[in-house]
Amino acid sequence: MIVLYVFLLVISLIVLLLFLPLKGKQYEIAVPVRHRDERDTMFSRNEIKPGEERFDDYYRMRPGNREKDDAFRLKPGLLSPEAANYNRYAFACANASFEAVETFFPYREKAHSTEHRAQSRGEACFTSDNKDELSKFIKSWARKMGAHSVGITEMKDYHFYTYGGRKERYGKEVINKHKYGIAITVEMDYELTMTGPQAPEVMESAQQYLRSGMIATQLALTLRNLGYEAKTHIDANYDVICPLVARDAGLGEIGRMGLLMTPDLGPRVRIAVVTTDAPLMVDEPGYDNTVIDFCRRCKKCARVCPSSSIPFGERENHEGGLRWQINQESCYTYWCQAGTDCGRCMAVCPYSHKSNTFHDFIRWGIRNNFIFRRLAVRLDDIFYGTKPKVAREPEWISG
Ligand code: SF4
Ligand code: SF4
């Protein structure tokens with residue numbers, strides 16, 4: 001009997017220890033300086049073609065990138081019928097989403113005349129109450145339209161690229177005119193995301209670029225109708241680095257794979273941003289030591305990455321801020337071979353698990369207690385595997 005009592009006492013103490021609010025080690029907050037030139041992103045480098053003036057200009061400016069880029073140019077390319085993971089239905093669907101999101105581009109930025117602004121604002125004089133009201137309205141409407149989360153931040157220099165890199169923005173200095181940024185996330189479907197790097201993943205990814213683009217465009221037009229300036233930052237048209245804006249708007253922290261880790265969906269989201277001169281209330285930034293701590297121990301994304309693009313080590317100092325930096329060249333070269341945007345890292349991340357009572361409880365424990373957090377890393381490996389298998393394509397897509 002005594003043995004039983006001792007056993008129960010020990011179990012109770014362990015459970016109590018796991019539920020105490022023990023946050024653990026505090027890590028340095030990573031705030032970079034402004035440095036990123038959009039011309040260096042892989043999408044921009046893919047847009048420049050041999051024979052064009054900007055092609056020669058770019059490699060004169062960055063001679064070290066030429067060899068790395070020749071490697072991805074030898075591959076079939078994103079959504080190519082020759083790509084390894086080609087799927088007729090899924091690729092047609094992804095292309096359709098990217099075509100549809102282009103219809104929003106003309107609404108990206110439109111300055112109103114002074115008369116229109118005055119007319120739209122009417123007699124309203126914006127006080128701090130209106131600030132609250134407008135922020136609440138914008139956030140609620142974004143959620144009604146399907147946003148998973150919405151946050152507001154004051155725009156900082158480091159949120160912006162230095163120079164544009166795509167289409168007509170190539171080589172133009174990025175100049176911000178807006179004080180606030182509204183960041184929105186939309187959820188990526190669990191079942192389709194889990195198939196990464198197979199074709200259904202890119203179909204879902206493209207669809208969420210479309211959905212986030214639609215919500216951002218609607219918000220920007222609404223703000224303009226209220227008499228303010230607003231600019232969207234959506235697929236292929238970003239002046240801003242979305243994960244940094246979203247982190248500062250309180251929507252999550254940036255993890256090992258360089259993506260925004262939201263509290264309840266992890267990296268399984270897409271982000272869009274609207275910048276505006278409307279008076280808004282800002283949210284607390286999403287700095288979260290518990291994500292950094294979890295990522296330091298987990299490393300599952302680094303283990304499964306088919307191109308070994310994710311580092312296993314500690315965060316390193318890049319442009320004034322500590323962070324993990326993935327190898328964007330090897331990652332993109334793999335995309336061009338697979339034909340999809342892969343997403344294998346996103347699929348295996350313990351934070352990407354389905355949102356339900358059990359997983360929400362685990363997420364709470366991870367945030368609340370560092371011992372629970374360490375245990376959760378191990379248990380995820382036991383239940384889901386250290387290298388989880390790629391999920392099968394749904395039968396209706398594999399057609
Ligand atoms: S898989 Fe693990 S290490 Fe990678 S981002 Fe997710 S939690 Fe962090
Ligand atoms: S998207 Fe794929 S290739 Fe790129 S970092 Fe993630 S797992 Fe690696």
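The values are calculated or read from the model by the stated rules, or taken from the named source; none is laboratory data. These figures come from a predicted structure and were not determined experimentally. Reconstructed Cβ throughout: ideal geometry from the backbone, glycine too, with neighbour counts over all protein chains shown.
Descriptive notes on the structure:
- Here the condition is being in contact with a strand residue (DSSP E or B) (Cβ under 9 Å, 6 or more places away or on another chain), more than 16 Å from ligand 2 (Cβ to nearest atom) and not hydroxyl-bearing (Ser, Thr, Tyr); of GLY286, GLY255, GLY227, it holds for GLY286 alone.
- Single unsatisfied condition, ASN356 versus (1) at pLDDT 95 or above; (2) away from ligand 2 (no atom under 16 Å from the Cβ): (1)
- Any chance TYR5 is more than 20 Å from GLY343 (Cα to Cα), crowded, with 18+ Cβ neighbours inside 10 Å and without any contact (Cβ under 8 Å) to a residue 60 or more places away in the chain: no
- Of residues in region 291-307 being more than 8 Å from ligand 1 (Cβ to nearest atom) and under 18 Å from the mean Cα position of the chain (by Cα), the one farthest from ASN368 (Cα to Cα): CYS305
- Of everything in region 289-303 that is touching a Phe, Trp or Tyr at 6+ places or on another chain (Cβ under 7 Å) and not in a loop (DSSP other than H, G, I, E, B), the residue that is farthest from ligand 2 (Cβ to nearest atom) is ASN289.
- The condition of being at pLDDT 95 or above, surrounded by fewer than 24 Cβ atoms within 10 Å (Cβ to Cβ) and either within 16 Å of ligand 2 (Cβ to nearest atom) or under 20 Å from ARG36 (Cβ atoms) (or both) holds for only one of ILE234, ILE271, ILE241, that being ILE241.
- With a requirement of 1 or more residues that are in contact with a Cys (Cβ under 9 Å, 6 or more places away or on another chain), the helices (runs of 4 or more DSSP H) lying completely within region 1-97 that satisfy it span 42-47, 66-73.
- Test: residue in region 327-338 that is at pLDDT 95 or above and within 12 Å of ligand 1 (Cβ to nearest atom): no
- Selected residue (criterion: farthest from ligand 2 (Cβ to nearest atom)) from residues of region 304-332 that are of a type in the set (S, T, N, Q) and either farther than 21 Å from ARG39 by Cα or crowded, with 21+ Cβ neighbours inside 10 Å (or both): ASN317
- Qualifying residue in region 202-212 (condition: farther than 30 Å from GLN337 by Cα, of a type outside the set (Asp, Glu) and more than 16 Å from ligand 1 (Cβ to nearest atom)): no
- If only residues of region 258-268 that are within 16 Å of ligand 2 (Cβ to nearest atom) and assigned to a loop (DSSP other than H, G, I, E, B) are counted, the one that is surrounded by the fewest Cβ atoms within 10 Å (Cβ to Cβ) is GLY258.
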